[in-house]
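Okay, so here's the structure we're looking at.
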Number of protein chains: 2
Amino acid sequence: MAYDLWYWTGAPGRGEFVRVAMEAAGISYRDRAREDGVDALVDDMEARTGIRPFAPPYLVDGDICIAQVAHIVTWLADRHGFGGKDARSNLELIMLQLTVTDITAEAHDVHHPIADALYYDDQKDAAKRVAEDFREKRMPKFFRYFEDALSANDGPFVLGEKWSHVDTSLFQLVEGLRYAFPQRMAAIEGDYPKLIACRDAMAQLDGLKAYLASDRRMAFNEDGIFRHYPELDAA
Amino acid sequence: MAYDLWYWTGAPGRGEFVRVAMEAAGISYRDRAREDGVDALVDDMEARTGIRPFAPPYLVDGDICIAQVAHIVTWLADRHGFGGKDARSNLELIMLQLTVTDITAEAHDVHHPIADALYYDDQKDAAKRVAEDFREKRMPKFFRYFEDALSANDGPFVLGEKWSHVDTSLFQLVEGLRYAFPQRMAAIEGDYPKLIACRDAMAQLDGLKAYLASDRRMAFNEDGIFRHYPELDAA
């Protein structure tokens, strides 16, 4: 069984959270738009009717087609054994996963606070104001939250020794924020040792290690969620 | 069994999506901060450690404590029979529910595009630009999406004759947007008859009808997610 992942080809973006989870878990998938081109993605989206994805990424398995990153990785975790240890634990992980979704959306809105349809240059002044709030208030608030979650067990992962879909997303979140806000991350990372230890432990998993060394792993750039604009960063 | 709902008391806000679902389903709950005061909410949040809510609303049942609106209503739907008709249907409903979360976040960001920590007046110029994009591009795009989802069956609900947690959220979404953007909604509602029919059918459910007529239903105001600032609305 191989899943079809559909996502834009120009940046790691939100699709990368899904890739990281699948690569960590050793799940086979075809990265359809990278194989067949962006036109194939547009055609596939347009051919879908009724209950369908609002936007990529979406994952297809036979007649099941699911969008929304948090939803996709939770679904994969249920099927492939990287979810919680019981019903309550599953619920808690989904809550954490949706909070990764929130900070990821905020990291995107830093560079596009007015409209996705506008260029960055047309919303740069607003972006600077959002960036200050994000760096000074939001990053520490979210990081403290994840640090506390990682304190619930003995680490390095949220559940302890067993990694879950939350840890794969925390890995990608830390990587993305390091790219986008290198000065700020260097200044505050030391305050969140469990979060960084989780990131480091994830990077050592066989599946993820191989992925990160492969050409499947796309570099961050200024077309994605996590963008590095030096004027938006500061210690 | 009565759930404890914890949410701020000053506006319907995100908590109202949870209330609407519980009232429609006839689920007993205590609205804790409205009963015991906001200090009790702050105390409750501060007493929670480890894996905990990032922000209200959150719902407590014994030792289970779950935040994130989409997650709470999905959990309730699973337990109380207003989820999907099978596994695939459940997955589709969660995808739709998370898309309601997205447009709700965008509706909030219209009036607070720079930072939650700042007053509306300090981000009013940016808000006007965001509002134009939201009214002209985002509302039609999301509404078309939900209209298509409501076309998958014969209505009035997403699943057909049986309402689900997605319909309760669509009801509250339409109500909130009617409050925030009355001119825009009057101009475009006619293009989305299935969405409005879903809203109308929800309003006729016994549980929701009684709730809407009660003093438990709080009026929208300018402290919540859906705020009416006339300068942000237009046909």
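Miscellaneous remarks
- Partners for B:K85 among aspartates and glutamates (Cα-Cα distance below 14 Å; same-chain residues under 8 apart left out): B:E161
- Sequence-distant residues sharing a close amide H with B:R30 (under 5 Å, placed H): B:Y3, B:D4, B:L5
- Distance between modelled label sites at A:A234 and B:E136, nm, 7 Å Cα→Cβ extension: 3.3
- Label-point distances for A:P140 to the equivalent site in the other copies, using a point 7 angstrom along Cα→C-beta, read 4.4 nm when ranked shortest first.
- Per DSSP, loop chymotrypsin sites (Phe, Trp or Tyr not before Pro) in region A:1-101 with at most 11 further Cβ within 10 Å: none
- Plainly put, the tip 7 Å out from Cα toward Cβ on B:P182 is 5.3 nm from that tip on each other copy, the closest given first.
- A viscosity of 1.306 mPa s and a temperature of 10 °C, combined with the Kirkwood radius over Cα pairs in Stokes-Einstein, give a translational diffusion coefficient for the protein assembly as shown of 70 µm²/s.
- Average beta carbon contacts from partner chains per residue of B:145-155, 10 Å cutoff: 3
- With the convex hull of the Cα atoms taken as the outline of region A:1-124, the averaged projected area works out to 8.8 nm².
- Shown in residue order for region A:166-178 are the 3J(HN,Hα) couplings computed by the Karplus curve 6.51 cos²θ - 1.76 cosθ + 1.60 at θ = phi - 60°: 6, 5, 5, 6, 5, 4, 5, 4, 4, 4, x, 6, 5 Hz (x for Gly and Pro).
- Measuring gaps between exposed loop sites in chain B (GluC sites (Glu not before Pro); DSSP loop; at most 16 other Cβ atoms within 10 Å), the longest gap, sites not included, is B:1-160.
- At an R0 of 56 angstrom, the distance between the Cβ atoms of A:S28 and B:A197 translates into a FRET efficiency of 0.85.
- A viscosity of 1.002 mPa s and a temperature of 20 °C, combined with the Kirkwood radius over Cα pairs in Stokes-Einstein, give a translational diffusion coefficient for chain A of 117 µm²/s.
- Between the beta carbons of B:D206 and A:S89, assuming R0 = 30 Å, the FRET efficiency works out to 0.25 to the nearest 0.05.
- At R0 = 51 Å, FRET efficiency that the Cβ-Cβ distance of B:Q183 and B:D43 yields, to 0.05: 0.75
- Pairwise centroid distance, computed over Cα atoms, of region B:16-78 with region B:97-130, Å: 23
- If you take the alpha carbon atoms of region B:92-223 and fit the smallest convex hull around them, that volume is 115 Å³ per residue.
- Across region B:16-23, computed HN-Hα scalar couplings (Karplus, 6.51 cos²θ - 1.76 cosθ + 1.60, θ = phi - 60°) run 5, 4, 6, 4, 4, 5, 5, 5 Hz from first to last residue, x flagging Gly and Pro.
- Taking 13 Å as the straight-line reach from the Cα of B:K209, the aspartates and glutamates in range (excluding those fewer than 8 positions away in the same chain) are B:E23, B:D200.
- In order along region B:126-136, phi translates into HN-Hα couplings of 4, 4, 4, 5, 5, 4, 4, 5, 4, 5, 8 Hz, rounded to whole numbers, per the Karplus curve 6.51 cos²θ - 1.76 cosθ + 1.60 with θ = phi - 60° and x for Gly and Pro.
- Lysines whose Cα lies under 29 Å from that of B:K128, excluding same-chain neighbours fewer than 8 positions away: A:K124, A:K128, A:K137, A:K141, B:K137, B:K141
- Nm distances between copies for B:A219, ranked from closest, using label points 7 Å along Cα→Cβ: 5.8
- When shorter helices are ignored and each DSSP H run of at least 4 residues is given -39500 (n - 2.57), the per-residue value for chain B at 222 nm works out to -16500 deg cm²/dmol.
Just so you know, all these numbers are worked out from the coordinates, no wet-lab data involved. The model shown is predicted, which means the values in this text are computed figures rather than measured ones. A quick note on method: Cβ atoms are made from the backbone with ideal geometry, for glycine too, and the neighbour counts reach across all protein chains shown.
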